[in-house]
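Report on the following structure.
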Amino acid sequence: MQLFTSSIGRKILMAITGLGMVMFVIVHLLGNSSIFAGPGGLNTYAEHLHSMPLPIIAGFRIAMLVFICVHIWFGIQLTIENRGGRPQQYAVKACQKASFASENMIWTGALLLLFIVYHLLQFTFRVTPEVAGFAGQMPGNVFGMVVTSFKNFFITFIYAGAMVTLFLHLTHGIQSFFQTMGWSNDCVQPGITKTGTLVALILFLGYVAIPLTIFAGILKG
Ligand code: HEM
């Protein structure tokens, strides 16, 4: 099938799976923001999520897993092909003014994968030491679990670093989506780049506010 073998087909698969994950990241931030309403806010939100019918929860998780696997698989393939098939990298770079974010998509992507594995072990499977007291209660006191975690400097630091990584990955990822779909040209390109950076910045600020306000003692348990 051309979609899986041609270069543009694989880029389209990466763009669509990337869009799906960006949608999740937006919805996840909106849900997580209920933490600023106190324990009642986040805990009620978590209870709503957990009370959804099992097929919906399972379907969502399987879809996310497929999206992540497809995105990583073709991301690695395209990176290898691009690096191998561009002998005159300097000439190309000089014309296109490659940014730090665009040059390092494979590395920011790899760091995000590590973060997601850690994040799931911590808040979904609850097997990391600081959340041991919250294991077994589903969803239980999600607010308490998050606040307990971000009182720890290293955990806050890991999350802040991961959010910078997410910002870098999205600044290039969003504009790359429009290019792949053929919705970009010289005229609209600067606007798309600015809007993509703004969306990535809003997500960064929204997410990083949670660990930072907890660590600073502004948001308390
Ligand atoms: C400050 C930042 C974040 C906080 C406080 C946070 C909080 C949480 C919490 C509490 C859960 C468990 C929900 C429950 O089981 O009731 C969760 C699950 C999850 N989070 Fe986050 N999250 C953050 C950032 C992110 C980011 C940036 C991503 C993706 C790049 C992400 C991806 C996920 C995924 C995939 C799940 C599992 C969803 C499921 O149960 O199916 N999170 N998060």
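The values are calculated or read from the model by the stated rules, or taken from the named source; none is laboratory data. Small disclaimer: the values here were computed from a predicted structure and weren't measured. Positions of Cβ are backbone-derived with ideal geometry, glycine not excepted, and every protein chain shown enters the neighbour counts.
What the table shows:
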{"quantity": "Lone unmet requirement of (1) more than 24 Å from N43 (Cα to Cα); (2) crowded, with 17+ Cβ neighbours inside 10 Å; (3) in contact (Cβ under 8 Å) with a residue 60 or more places away in the chain for L112", "calculated": "(3)"}
{"quantity": "Whichever residue in the range 1-39 is over 25 Å from I202 (Cβ atoms) and in contact (Cβ under 8 Å) with a residue 12 or more places away in the chain and, among such residues, is surrounded by the fewest Cβ atoms within 10 Å (Cβ to Cβ)", "calculated": "I8"}
{"quantity": "Residue check for S176: touching an Asp or Glu at 6+ places or on another chain (Cβ under 7 Å), assigned to a helix (DSSP H, G or I) and of a type in the set (G, A, S)", "calculated": "no"}
{"quantity": "Filtered residue count, the range 46-85, keeping only those that are over 20 Å from T124 (Cβ atoms) and over 21 Å from the mean Cα position of the chain (by Cα)", "calculated": "6"}
{"quantity": "Filtered residue count, the range 141-156, keeping only those that are in a helix (DSSP H, G or I) and in contact with an Asp or Glu (Cβ under 9 Å, 6 or more places away or on another chain)", "calculated": "5"}
{"quantity": "Condition broken by G109, with the remaining ones in (1) more than 15 Å from the chain's Cα centre (by Cα); (2) within 24 Å of I80 (Cα to Cα) satisfied", "calculated": "(1)"}
{"quantity": "Selection count, the range 174-221, where residues are within 20 Å of the chain's Cα centre (by Cα), in contact (Cβ under 8 Å) with a residue 24 or more places away in the chain and closer than 26 Å to R10 by Cβ", "calculated": "9"}
{"quantity": "Filtered residues of the range 179-202 (kept if outside any helix (DSSP H, G or I) and surrounded by 16 or more Cβ atoms within 10 Å (Cβ to Cβ))", "calculated": "S184"}
{"quantity": "Single residue of V131, V117, V127 found to be outside any helix (DSSP H, G or I), closer than 30 Å to N152 by Cβ and either at pLDDT 95 or above or aromatic (F, W, Y) (or both)", "calculated": "V127"}
{"quantity": "First in the range 40-61 and closer than 21 Å to V146 by Cβ, second anywhere and among the small types (G, A, S) and modelled with pLDDT of 95 or more, Cβ under 6 Å, 6 or more apart", "calculated": "G41/S34; L42/S34; Y45/G31; Y45/S34"}
{"quantity": "Failed criterion for M138 (all others in (1) touching a residue at least 24 places away in the same chain (Cβ under 8 Å); (2) assigned to a helix (DSSP H, G or I); (3) over 14 Å from the mean Cα position of the chain (by Cα) hold)", "calculated": "(2)"}
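Condition check ((1) among the small types (G, A, S); (2) over 29 Å from G75 (Cβ atoms); (3) touching a helix residue (DSSP H, G or I) at 6+ places or on another chain (Cβ under 6 Å)) across all residues:
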| position | (1), (2), (3) |
| --- | --- |
| F134 | no, yes, yes |
| P139 | no, yes, yes |
| V142 | no, yes, yes |
| F150 | no, yes, yes |
| I155 | no, no, yes |
| L168 | no, no, yes |
| Q179 | no, no, no |
| I192 | no, no, yes |
| I214 | no, yes, yes |
